[in-house]
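The values are calculated or read from the model by the stated rules, or taken from the named source; none is laboratory data. The structure presented is a predicted model; accordingly, all values stated were derived computationally and were not measured. With ideal geometry, Cβ positions are generated from the backbone for all residues, glycine too; neighbour counts draw on all protein chains shown.
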Amino acid sequence: MLDARRLRLDLALQLLQQAGALLPEAEPYSEAWLQGIMDALCDLSSKDALTGLVNRRSFEMALAREVDRVARSGEPALLLVLDIDHFKAVNDTYGHAAGDLVIQAVAGALNQVVRPMDTVARVGGEEFAIVLPKCAAGFGATVAERLRERVAELRIEIASGQTLAVTVSLGGAFAPQWVRSSSLLWMERADRQLYRAKAEGRNRACLENQVDSLVSAEEKGMLFAVTQQESE
Amino acid sequence: MSTTPDPAASSPASPLGAARPAPKTGSRAGARTLAVTSGKGGVGKTFVTANLAAALALRGQRVLVLDADLGLANLDVVLNLHPKLTLHDVFTEKATLDQAILPAPGGFSVLLAGSGMVEYSRLTPEVRDKLLHIVEMVRPRFDWILFDTGAGISDVVLFSISMAADVLVVATPEPTSLTDAYATIKVLATQQDRREVGLLVNQANRVGEGKLICGQLQQVLQRFVGARPGQSFKLELLGEVKSDQTVRQAVLKRQLVLEHYPGSDAAQAIKALANKLLG
């Protein structure tokens, strides 16, 4: 049998305390307590320390899950990748502490715009990614634009009395309906659109043109003619 | 009654990839091949495949069901099997084909995808070659190979269908299922140049609904998919399984209706399907 007291947990506990995580209330070294510690560590390792957003590792899992779901259900899903424009200049001019404040403010703004079912992640220094399940093709551009606007409206206080405005560029791609693609491929397609947004002058959103569904409205109308007649 | 070949009694174990002459893949070279697909998931594709395999086995056929849903396989769930060795192990050469072909309840054999196949859910040339090789190896030893494909119309699904001579599309009367079945058939007609596809309507609400749906699909296909002059596209209704309590019971208990409810309407419908296929 496992004797939990013989495990070296000091570093784990220190990490959790430092992150301000709540330690489990169960009897120390009991099974429930250990499970609680592991859950807290999992939670910690799936989040970005600076913003509290989902981190890259965890986001890749979410993305892979979404690829599977879309392949199975055929529902549309949108992946957006975005990047703070000229972020290096912010760091160079105002310092890294200011840069961190900007990243935190942008993260907060992104989180406010999306639905609870969407996953917002910080995937790199000033790079973010959002996966939006069940996002119909017609809404993609609207969502991306709303995100862009919300960030542009921010006045980020980087020192008392000193505020900063930043913009973001966004790229987006829908998961190919019915095709069990890979999250890597999906990410690449969204990235390509982000490069396009940057090249076209930044502070804008570019979305990959959605391929029309395989089945046209006319075909659908004819398909359901019989079932509709029946239920009438 | 069981006609499942004993894996140990067949050809000597040879790891996949070992050089050996590929058998001819002409129609007389071995098993008849049938892909079971659906477009939409959750319409009973695996249920139909497993029970069809049992019905063919009842008719004295040696049947292998190949779990071609590499990403989200659930044949093992439907059959309540807990395989130790799977297609994954054959791919990675941890097991021979003979070790991974397992007897299933219902008197047929299965080659399960198993978990860990997610890495193969993209169709790379490697995956393609391995699957083709496996099919070539097993063809001489069976009368039928049924491919239980994944949901959707991914490249892996289309590829596994392309390995089969015949296709059975499973659809339910649900609009979403009909749309996806239609999309699948359309892709098969336009990309694989198929002129004939079989249809099974599952979860039919009443007798005759299958015929109605098949006619409707055929009409839309005729109009929008069309065929080159002198050729025609034929969607043949191969079966209709009515939605009933027995099926739900069997699925929940992870049993084959052919084995546990042989007298049920569903079992009769699947037997009729097997008879049609055997001609």
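The residue list B:Gly208, B:Gly198 contains one member that is within 12 Å of chain A (Cβ to nearest Cβ) and at pLDDT 90 or above, which is B:Gly208. The residue pairs whose first member lies in segment A:125-142 and is assigned by TED's automatic domain parsing to the domain that holds A:Val113 and closer than 28 Å to A:Ala89 by Cβ, whose second member is of a type in the set (Ser, Thr, Tyr) and not in a helix (DSSP H, G or I), and whose beta carbons are closer than 9 Å, counting only pairs six or more residues apart or on different chains, are A:Phe128/A:Thr51; A:Ala129/A:Thr119; A:Ile130/A:Thr119. Taking (1) within 18 Å of B:Leu34 (Cα to Cα); (2) away from chain A (no Cβ under 12 Å) in turn, B:Thr184 satisfies each apart from (2). Quick check, is B:Ala113 assigned to a loop (DSSP other than H, G, I, E, B) and away from chain A (no Cβ under 14 Å)? Considered against the rule, which asks whether it is assigned to a loop (DSSP other than H, G, I, E, B) and away from chain A (no Cβ under 14 Å), B:Ala113 comes out as no. Scanning segment A:58-88 for residues that are in contact with a Lys or Arg (Cβ under 7 Å, 6 or more places away or on another chain) and away from chain B (no Cβ under 14 Å) gives a single hit, A:Asp85. Of A:Ala121, A:Ala175, all but one fail to be in contact with a helix residue (DSSP H, G or I) (Cβ under 8 Å, 6 or more places away or on another chain), in the same structural domain as A:Val90 (by TED's automatic domain parsing) and at pLDDT 95 or above; the exception is A:Ala121. Residue pairs whose Cβ atoms lie under 6 Å apart, sitting 6 or more positions apart in sequence or on different chains, and linking a residue in segment A:78-103 that is over 14 Å from A:Glu126 (Cα atoms) and touching a residue at least 40 places away in the same chain (Cβ under 8 Å) to a partner that is assigned to a loop (DSSP other than H, G, I, E, B) and hydrophobic (A, V, I, L, M, F, W, C), are A:Leu78/A:Cys135. Checked against (1) farther than 29 Å from A:Leu11 by Cα; (2) touching a helix residue (DSSP H, G or I) at 6+ places or on another chain (Cβ under 7 Å), A:Asp92 passes all but a single condition, namely (2). Return yes or no: is A:Ala165 modelled with pLDDT under 95, within 19 Å of A:Val102 (Cα to Cα) and surrounded by fewer than 15 Cβ atoms within 10 Å (Cβ to Cβ)? Against the criterion (modelled with pLDDT under 95, within 19 Å of A:Val102 (Cα to Cα) and surrounded by fewer than 15 Cβ atoms within 10 Å (Cβ to Cβ)), A:Ala165 does not qualify. Looking across segment A:32-53, the residues that are crowded, with 16+ Cβ neighbours inside 10 Å and within 14 Å of A:Glu126 (Cα to Cα) come down to A:Asp48, A:Thr51, A:Leu53. Within segment A:150-169, the set of residues being out of contact with any strand residue (DSSP E or B) (no Cβ under 7 Å at 6 or more places or on another chain) and closer than 20 Å to A:Asp191 by Cα comprises just one member, A:Thr167.
Per-residue answers, yes or no, for (1) of a type outside the set (A, V, I, L, M); (2) surrounded by fewer than 24 Cβ atoms within 10 Å (Cβ to Cβ); (3) touching a strand residue (DSSP E or B) at 6+ places or on another chain (Cβ under 8 Å):
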| position | (1), (2), (3) |
| --- | --- |
| B:Gly42 | yes, yes, no |
| B:Leu66 | no, no, yes |
| B:Lys84 | yes, yes, no |
| B:Asp89 | yes, yes, no |
| B:Thr92 | yes, yes, no |
| B:Ala95 | no, yes, no |
| B:Val110 | no, no, yes |
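Considering (1) modelled with pLDDT under 80; (2) assigned to a loop (DSSP other than H, G, I, E, B); (3) within 14 Å of chain A (Cβ to nearest Cβ), say which one B:Glu119 fails and leave the rest. Just one mismatch for B:Glu119, condition (2).
Of the residues in segment B:35-69, how many are within 14 Å of chain A (Cβ to nearest Cβ) and assigned to a loop (DSSP other than H, G, I, E, B)? Walk me through how you get there before you give the answer.
Just the residues of segment B:35-69 that are within 14 Å of chain A (Cβ to nearest Cβ), to begin with: B:37-43, B:45-46, B:68-69.
Then keep just the ones that are assigned to a loop (DSSP other than H, G, I, E, B); that gives B:38-43, B:69.
Going through segment B:35-69 one residue at a time, the tally reaches 7.
Only one entry of A:Arg146, A:Arg122 meets the criterion of being more than 14 Å from chain B (Cβ to nearest Cβ) and out of contact with any strand residue (DSSP E or B) (no Cβ under 9 Å at 6 or more places or on another chain), and that entry is A:Arg146.
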